[in-house]
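The values are calculated or read from the model by the stated rules, or taken from the named source; none is laboratory data. It should be emphasised that the depicted structure is a prediction, and the values quoted were computed from it without experimental measurement. Here Cβ is always computed from backbone atoms with ideal geometry, including for glycine, and neighbour counts include all displayed protein chains.
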Amino acid sequence: KQKKINAFRDSLQKGDKVMTAGGIYGRIREIKDNYVMLEIDNNVTIKIDKNSIYQSMQDVVETGNDVKK
């Protein structure tokens, strides 16, 4: 299971919609080795550890909290 999670995190690309382990939804704006810059609202970007990205929005059941764009 850990290999699958690592493969997912390695496949992340700029523009992907994701959810963090803390439940924050956003769109990836920049990817570095250990962190990503995640846009959570218009002109609001946070720096998070890459390991805290939980899953792609494509894998999340739609709840109405989808990031618009």
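Below are the figures for this structure:
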| quantity | calculated |
| --- | --- |
| Residues (assigned to a strand (DSSP E or B), under 13 Å from D49 (Cα atoms) and more than 8 Å from the chain's Cα centre (by Cα)) located in segment 1-35 | E30, I31, Y35 |
| Inter-residue pairs, beta-carbon under 7 Å, first exposed (fewer than 13 other Cβ atoms within 10 Å of the Cβ) and in segment 1-24, second assigned to a helix (DSSP H, G or I) and modelled with pLDDT of 90 or more, 6+ apart | A21/S52; G22/S52 |
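Quick grid of which residues meet (1) modelled with pLDDT under 90; (2) farther than 20 Å from K3 by Cα; (3) basic (K, R):
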{"position": "I24", "(1), (2), (3)": "no, yes, no"}
{"position": "D49", "(1), (2), (3)": "no, no, no"}
{"position": "S52", "(1), (2), (3)": "no, no, no"}
{"position": "S56", "(1), (2), (3)": "yes, no, no"}
{"position": "D59", "(1), (2), (3)": "yes, no, no"}
{"position": "G64", "(1), (2), (3)": "yes, yes, no"}
{"position": "K68", "(1), (2), (3)": "yes, yes, yes"}
